[in-house]
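The values are calculated or read from the model by the stated rules, or taken from the named source; none is laboratory data. No experiment lies behind these values; they were computed from the predicted model shown. Here the Cβ positions follow ideal geometry from the backbone for every residue, glycine too, while neighbour counts run over all protein chains shown. Each accessible area value is taken on the protein alone, full model and side chains, heavy atoms only, with ligands, DNA and RNA left out. Shrake-Rupley method; radii C 1.70, N 1.55, O 1.52, S 1.80 Å.
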Amino acid sequence: MAPARALCHHSAVPTVLIVDDHPSFRASARAILEAEGFEVAGEAEDGESAIAAAGRLAPDVVLLDVQLPDLDGFEVTRRLTSNGGGPCVVLVSSRDGSDFGPLVEGSGACGFVPKSELSGEAVTALLQMR
Amino acid sequence: MRLTGRLWLGLIPLTLVLAAVTVGAIATSDRLSSPVALAVVYPVIGLSFAVSGLIASTLRPENATGTLLVLVGFFWLVNGLNEADNRWVFWIGNVFGSLFLAAFAHLMLAFPEGRVAPGLERRFVGFFWLTALSANGLVSLFQRHVEGCDGCPDDPVVLSDSPRFAHALGIFFSVLGGLIFLVVVVLLVRRWRGATPARRRVLGPVYLSGGISTALVTALFALGSVSAASRVFGIAAFVTFGTVPLFFLAGLLRDRLSRPAARLLREVPDEPTPEQAQDGLRTVLGDPTLEFLTWLDEVGVYVDVRGASATLQPDTARRVTTRIDRESDGHPLAALVHDAALLHQRGVLDEVVSAARLAIEKDRGLQALRRSDARNRALIGAIPDLILTIARDGTYLEVRGDPETLIVPREELIGSNVRDVLPFEVAESFVDALRAPVAKGVQTVEYRLVIGGVERHFEARMVPSGDDEVVVIVRDFTQRVELESELARRLQEVQHEQMFTRSVVNTAPIVLILCDENGGIVRMNDPTQALFGYPDDERMRGRIIWDAFIVEDERAPFVEAFRRVHPLRPTEARGRWRGADGQVRVIEASIAHIVDGQGLRRRLVAGLDVTDLIREREAVRQQRDFLSVVAAATPSFLVVVEADGTVAAEGVNRAFADVTGYDDSTAPGNPFWELVVPDELADEFQEQLADAIRQGTPSAHESPWIGTGGRPLLVEWTCRPLPEIGKYLISALDITERMQQEQEVRASRARIVEAADGARRRLERNLHDGAQQRLVSLSLALRLAQSKLRDDPDGAEQLLTGAADELTQALAELRELARGIHPAVLTDRGLPAALEALAARAPLPVELSADLEARLPGPVEAAAYYVVAEALTNIAKYAEASAVQVRAQRRNGRVVVEVADDGIGGADPRRGSGLRGLADRVEALDGELEVESTAGEGTTVRAVIPLVEH
């Protein structure tokens, strides 16, 4: 919990929006991130609702699945970060990061974390690199 | 004699009848003052002419005087008819009566020869006949009543009754008649004056009587018929006229005295043979037994006409010899042995003897003259061109003869030496010959000199004449040398010609057989011997050509042709000939008339061996037939075109006609592209065709054509040259169906690839969405449980329990996925087991019948499995069925898989990709997929796949 608070730009506990179409992953991610001191501000199951939720909730971090039923994660990232600010988008996928090549780099996201390796530490590290 | 016989037979009765009619006509005439007197005088005169004429004709049948006398008498009697009262008899007398004047003038002018000299005189006589015929005839046509004849009957034949015209015509002809008689008189006077005394003795009496009567007739014409004096002249003319025939007869009889000699000259040709002389004498003297003997001076005997010597026998009562001796010296010339009766015609005999004597003497003289002429000619021919006398030292002493043959003028020659005059070599040979001793006799030197630029050949014969002189007789035989060389040249030409002919005859591959007119073989040439194996020797010569050569059943036409051959036109005879080895060859023979070197009439049979030609033609024909069958049977389109692309007369084959509708009657003559190529592609096609024709190598092109009814075709065509006929063959194959199939295959392949891609995509998605997500969750849950293990053991346990469930589900999903990729049971245990598994999992009852005996090829098993799987899925989804039957069995080397349900039917096999993909899979194995789905009757899906190893 502590590293998250210490390293955050904000004094408060960092807030997270979890976006994934699989409910089982959303539940697992919420459990892990809350266990590590993050505040899960909300969840979304597709791209459009994710963008809407991000606007409403203004989370510090958006944990965003690359593969969504409507828009893909890169498109959502572009929209969320197009005005130069926005949340720190952490792209996740059950695939390996190398499967996406340079897409992640150019998307405006803070970084990529494979789903099987998701942890508060990994998200905190990306927040700090920002 | 025949003519006279006919005259007697024909004219005597005719003349007698005519005389009787005339007597009747005159005696009964109403117009005559003394008809009886005239009725006596008139026929007496007429008959006197006729009888005199007949006698004359008998005595002098070759002389027409007699005929003319008869004609005068005849027409005189006709003239008497114009005293008749009957109008027709009168008409005949009137129209034809004047002809006696023409006949009389003709008679006078023709005497004594009996014929008028050709030319002017003869034409004049003809004119006179014409005038006499037309004078009264013409006049009578224009007057119904004869002018100045009150008692005359009317003319029965009148063209138009115009007395004035008739009168004018009458005057014209009277004047013309008078003129003609004047001319006759003039001609007779001229003839008299030009006659010899002997001729005047003949002409005298005739001219006297004839002349007087002519003068009287002329006077009669001059006075006209009106004056009283005309009666006196008429009577005088009558009397004088009546005596004329007697004078003619007398003249002819006088002439007869000189007949035998004249006849002898006529009967015997000039320069007669003894036989001809004897025949002439026999005819003239009327003694067919007469023998003519001629005296041969050389042997002093008489010989008969056959050349046998004959001795003169003493005269007997029946046979007498009359000698013909030369008048001057009594030298015997000939003798006649004849019938003693001839002595009664002494005068005739004497005359004949005199004539014969004259002829024989003349003949002998002529013969003597000829003999001397021949002798002279021989002498002239023997005289040399030049006679020289040369001294033995070579000095010319004397020169005689033709100066043309002298090399220098005669004057210069005398005294010169041969060495100075003649060329060296000639002079030397002269000198050698001149010096030869007398004992060696005549020396001959042949030499050549150029005289006047012409080379001439000479022969000099040297005859010693005394000790110091030699007479040299020189003959120019240039001409002979030239002739000899010309002859030699011609001979050589003939020999060359002969050799040429012989080599042609014996080397040309032609059968030449010379036959006689009956077909007997005379000669054969070498090729004939080689071809048939018969020698040209006595074994073949004389054999009949058709017996020797022609096959039995073809002899008749050959013999017919052989006999029919025209001298100028050869005949043809084609037939089979057999050689010595029995081999038969077909010979085309021409038979011609020919005359060989000995002048014998032959037949030349010239034949050409056409066996191979016929065989080749037959082979070509068979090949052509074969090709025609092939062309007709092939599915390819075949078209023969000219170099410019128009369809040739050879036309198109059946396949082309069937597909395009153009056959051999409609296609030829049209540009090919106009028949089948769409308009917009015609130019392109024309270019391709032109290229193909130009290059001459076949290259394939694909073109769209148009078939019957506008059906589009896709063809692959080539064009290749046909050098034998100088044309081109377009052969094309309809590849429309093939192209469609290929397209179909390509589409099917694309669908298979697409289906495979889709399946992989689905698999990846399923893995990603299913097992992978579960494993991710599992991984996160395990990690969370791990972190809670110490602080929150209950929470950790709860997490682990959830993780275990998640893992179980992930495994189930993976298993299902694996089954979707390829059923393991199919690989391990074959189609029946796999189908059983499908049936077991199906949500509705499945009745399965799978009897396949052994394992099927892998691809077939897979295709069959997926057909059943897809069908069952579709049934579950759409069919609303209560039961399904699945069958799989082998049938005739194929496997048949069938899935039938009892559902609602009405399935559309094109709907959805599932069935389409299955169809592709089945067709890739050359199988077929059928869907029967009538609404309300359920659906049956059937796949039939051949069982070949793929």
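To the nearest 100 Å², how much accessible surface do chains B and A cover up together, summed over both, with a 1.4 Å probe?
1300 Å²
Leaving out ligands and nucleic acids, and using a 1.4 Å probe, what accessible area per residue does segment B:802-909 come to in Å²?
It amounts to 51 Å² per residue over segment B:802-909.
Give the cross-link partners of B:K727 among the aspartates and glutamates, using a straight C-alpha distance below 17 Å as the criterion and excluding same-chain residues fewer than 8 apart.
List returned: B:E642, B:D644, B:E650, B:D664, B:D691.
Which percent of the accessible heavy-atom area of segment B:82-157 goes to carbon and sulfur, probe 1.4 angstrom?
Roughly 64 percent, rounded to a whole number.
So if I take the centroid of the Cα atoms in segment B:608-659 and the same for segment B:470-549, what is the distance between those two points in Å?
50 Å
Can you give me the distance in nm between label points at B:I904 and A:E117, each placed 7 Å from the Cα along the Cα-to-Cβ direction?
According to this spin-label approximation, the distance is 5.4 nm.
Which percent of the accessible heavy-atom area of segment B:457-560 goes to carbon and sulfur, probe 1.4 angstrom?
Carbon and sulfur atoms account for 53 percent of the accessible area of segment B:457-560.
At q = 0.21, 0.23, 0.24 Å⁻¹, what base-10 log of I(q)/I(0) does the Debye formula yield for segment A:4-97 when every alpha carbon is treated as an equal point scatterer in vacuo?
-1.02, -1.20, -1.29
List the aspartates and glutamates whose Cα sits under 16 Å from the Cα of B:K788, skipping any in the same chain fewer than 8 residues away.
Counting by Cα, and skipping residues close in sequence, B:K788 has these aspartates and glutamates nearby: A:E34, A:E36, B:E797.
In deg cm²/dmol and to the nearest 500, what is the mean residue ellipticity at 222 nm of the protein assembly as shown if only DSSP H runs of at least 4 residues count, each as -39500 (n - 2.57), divided by the residue total?
Value at 222 nm, helices only, nearest 500: -17000 deg cm²/dmol.
For helix B:229-256, report the angle its Cα long axis makes with the longest principal axis of the Cα atoms of chain B; keep it between 0 and 90° and round to the nearest 10°.
Taking the Cα atoms of chain B, the angle to B:229-256 is about 80 degrees.
If I model a spin label as a point 7 Å beyond the Cα along the Cα-Cβ vector, how far apart are those points for B:T827 and B:E327 in nm?
In this crude spin-label approximation the distance works out to 16.6 nm.
Calculate the all-directions average of the projected area of chain B's alpha-carbon convex hull, and give it in nm².
Average of the hull's projected areas for chain B equals 112.2 nm².
Using the Kirkwood radius over C-alpha pairs as Rh, can you work out the diffusion coefficient of segment B:639-779 via Stokes-Einstein at 25 °C, viscosity 0.890 mPa s, in µm² per second?
Reported coefficient: 134 µm²/s.
State the extension gain, in nm to one decimal, for the chain segment bounded by B:V745 and B:T934, taking 0.36 nm per residue of separation less the distance between their alpha-carbons.
Length gained between B:V745 and B:T934: 65.2 nm.
If you average 1/r over every pair of different alpha-carbon atoms in segment B:75-219 and take one over that average, what Kirkwood value in Å do you get?
About 16.5 Å for segment B:75-219.
To test your reading of the geometry: what angle, between 0 and 90 degrees and rounded to tens, separates the Cα axis of helix B:163-194 from the longest principal axis of chain B?
60 degrees
Place a label point 7 angstrom from the Cα of B:H768 along the Cα-to-Cβ direction, then list the residues of segment A:82-110 whose backbone nitrogen is under 12 Å away.
Only A:93-96, A:99-100 fall inside the zone, counting backbone N under 12 Å.
On full extension of the chain, what length is gained from B:D468 through B:Q495, given 0.36 nm per residue of separation minus the C-alpha to C-alpha distance?
Here the segment from B:D468 to B:Q495 would lengthen by 4.6 nm.
Could you give me D for the protein assembly as shown, from Stokes-Einstein at 4 °C and 1.567 mPa s, where the hydrodynamic radius is the Kirkwood radius over C-alpha pairs? Units µm² s⁻¹, please.
Translational D for this selection: 25 µm²/s.
If packing is taken as the mean number of other Cβ atoms within 10 Å per residue, what is the order of A:88-98, B:743-753, highest first?
Going by the mean number of other Cβ atoms within 10 Å, highest first, we get A:88-98, B:743-753.
Calculated FRET efficiency, A:L71 and A:E39, Cβ-Cβ r, R0 22 Å, to nearest 0.05?
After rounding, the FRET efficiency stands at 0.30.
Do any residues of segment A:18-40 lose at least 50 Å² of accessible area when the full set of protein chains is present rather than just their chain alone, and if so which, with a 1.4 Å probe?
The answer is A:H22, A:I32.
For B:V301 and B:R410, FRET efficiency with R0 = 41 Å and r from the beta-carbon atoms, rounded to 0.05?
The pair B:R410/B:V301 has a calculated efficiency of 0.15.
Label-point separation (nm) for B:A876 and B:D596, each offset 7 Å from Cα along Cα-to-Cβ?
So the two model labels end up 11.6 nm from each other.
Check each residue of segment B:763-786 and keep those whose accessible area, probe 1.4 Å, is at least 50 Å² smaller with all protein chains in place than in the chain alone; give them in order of residue number.
Checking the loss per residue gives B:H768, B:Q773, B:V776, B:L780, B:R783, B:L784.
Using a 10 Å cut-off on Cβ to Cβ distances, tally the other chain neighbours for every residue of A:114-123 and report the average as a whole number.
3
Assuming 0.36 nm per residue, please report the length gained on full extension of the stretch B:A556 to B:L483 beyond their Cα-Cα distance.
Full extension of this stretch gives 20.9 nm more.
Which residues does the label zone of B:A756 cover in segment B:821-859, counting backbone N under 15 Å from a point 7 Å along Cα→Cβ?
Residues passing the 15 Å test: B:822, B:859.
Tell me, which residues of segment A:74-113 get at least 30 Å² less accessible area when the other protein chains come in, versus the chain alone (1.4 Å probe)?
When all protein chains are present, A:S94, A:R95 each give up 30 Å² or more of accessible surface.
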